[in-house]
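What follows is a set of notes on a single structure, which appears directly below.
Quick note: the coordinates plus some simple rules give every number you see, no bench work behind them. Note that the structure is a prediction, hence the values are computed from the model and not measured. Positions of Cβ are generated from backbone atoms using ideal geometry, with glycine treated the same way; all protein chains shown enter the neighbour counts.
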Amino acid sequence: MIKIKNLYKSFNGLKVLKGINLEIKKGQVVAIIGPSGTGKSTLLRCINYLERPDKGEIEIDNLKINTETITKKQIHKLRKSTSMVFQNYNLFKNKTAIENIMEPLIVVKKINYLEAKNIALKILNLVGLLDKKDCYPSKLSGGQQQRIAIGRAMAVNPKIMLFDEPTSALDPELVREVLDVIKSLADKHMTMIIVTHEMGFAKEAADKIVFMDDGKIIEQGTPDEIFNNPKNLRTIKFLKQIR
Ligand code: ADP
Ligand code: MG
């Protein structure tokens with residue numbers, strides 16, 4: 001359902017993505033691992049057009065995009081079918097938990113207030129924060145803020161969710177609650193790409209592991225293939241370093 005073909009991106013002559021090819025089936029969870037500075041965030045940002053790729057194709061369901069000829073309407077559609085969860089939650093500080101989740105429903109999806117509120121209540125329940133619905137972000141822990149951010153991203157019912165190191169800004173004791181929410185989405189067959197340093201989580205939640213280095217996908221396979229039987233020397237070296 002999702003295909004990325006020959007995706008290239010550079011910043012002022014610095015080649016960051018050097019021909020990325022990736023296929024994801026509906027309901028699959030893909031974990032991207034690899035050293036920092038290798039283009040993992042840039043790849044996610046290109047998929048929802050926070051960055052404009054230089055070249056390549058992006059296909060999500062029946063939306064087929066050639067990045068060199070993309071129209072404004074296609075960019076809008078692409079952004080609507082993807083949603084991103086960032087490292088630093090990026091919640092609206094002057095809105096409560098429930099208002100944060102309602103915002104994209106009202107602004108992007110044009111859903112009316114009452115209906116948006118009902119959807120937001122269901123989502124708050126899913127992420128286990130119904131009792132915090134009227135709290136402002138400053139009154140929530142980092143883990144709780146990130147769970148609200150995940151709720152906000154899933155509220156618009158995207159075709160794919162993109163997570164960029166969703167737990168790396170959290171104190172260690174708050175990581176698990178966020179991973180559990182992501183895991184519950186995986187169990188509901190939400191299609192997701194997760195850039196993560198949490199190898200244990202990648203092993204447990206992902207259907208497919210993608211190892212990126214220097215702007216390229218070096219190796220991909222099942223968690224068993226990549227973690228227990230990596231073939232590429234760079235993958236082997238990376239996994240040794242982080243263990
Ligand atoms: P990763 O997420 O794997 O750590 P990134 O995608 O963030 O890697 O970055 C890859 C490279 O692209 C880095 O060298 C980074 O400095 C560079 N880069 C990322 N975004 C920009 C930008 N907006 N402008 C210039 N350089 C950037
Ligand atoms: Mg990154």
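If R0 is 35 Å, what FRET efficiency do you get for Ser184 and Lys231 from their C-beta distance, rounded to 0.05?
Values: r = 32 Å, r/R0 = 0.92.
Approximately 0.60, to the nearest 0.05.
May I ask you to compute the full-extension gain from Lys95 to Asn118, defined as 0.36 nm times their residue separation minus their alpha-carbon distance, rounded to one decimal in nm? Can you show the working numbers first?
Values: separation 23, 0.36 × 23 = 8.28 nm, distance 1.70 nm.
Net length gain for the segment: 6.6 nm.
What is the distance, in nm, between label points placed 7 Å from the Cα along the Cα-to-Cβ direction at Arg243 and at Val107?
4.5
Between Val85 and residues 5 or more places away or on another chain, which pairs have amide H atoms under 5 Å apart, with H built 1.01 Å from N, and which residues are they?
Amide H to amide H, under 5 Å and 5 or more residues apart or across chains, Val85 pairs with Leu162, Phe163, Asp164.
Gain in length, Asp131 to Ala169, computed as 0.36 nm per residue apart minus the alpha-carbon separation, to one decimal in nm? Walk me through the numbers before you get to the answer.
Working: separation 38, 0.36 × 38 = 13.68 nm, distance 2.38 nm.
Full extension from Asp131 to Ala169 adds 11.3 nm.
State the Cα centre-to-centre distance between segment 181-196 and segment 122-148 in whole Å.
With segment 181-196 and segment 122-148 each reduced to a Cα centre, they are spaced 18 Å.
Once you place label points 7 Å from the Cα toward the Cβ at Met1 and Asn88, how far apart are they in nm?
Placing both labels 7 Å along Cα→Cβ, they lie 3.2 nm apart.
What are the residues whose amide H is under 5 Å from the amide H of Ile218, where those residues sit 5 or more places off or on another chain and H is modelled from the backbone?
Those lying under 5 Å, H to H, from Ile218 are Phe211, Met212, Asp213.
Along the positive direction of the dipole of segment 7-151 (beta-carbon charges: Lys, Arg +1; Asp, Glu -1; about the Cα centre), which of Phe11, Ser41, Val127 reaches farthest?
Phe11
For the chain, what does the helix formula give at 222 nm: sum of -39500 (n - 2.57) over DSSP H segments with n ≥ 4, over the residue count, nearest 500 deg cm²/dmol?
Numbers: 8 runs with 90 residues, N = 243.
Helix contribution divided over all residues of the chain: -11500 deg cm²/dmol.
About the Cα centre of segment 3-151, how large is the charge dipole given +1 on each Lys and Arg Cβ and -1 on each Asp and Glu Cβ? Please answer in debye to the nearest 20.
Numbers: 27 positive and 12 negative charges, 40 e Å.
Computed charge dipole of segment 3-151: roughly 200 debye.
Among Glu225, Glu99, which comes first, then next, by fewest other beta-carbon atoms within 10 Å? The partial results should precede the final answer.
On the way: Glu225 14, Glu99 19.
By the 10 Å Cβ count, ascending: Glu225, Glu99.
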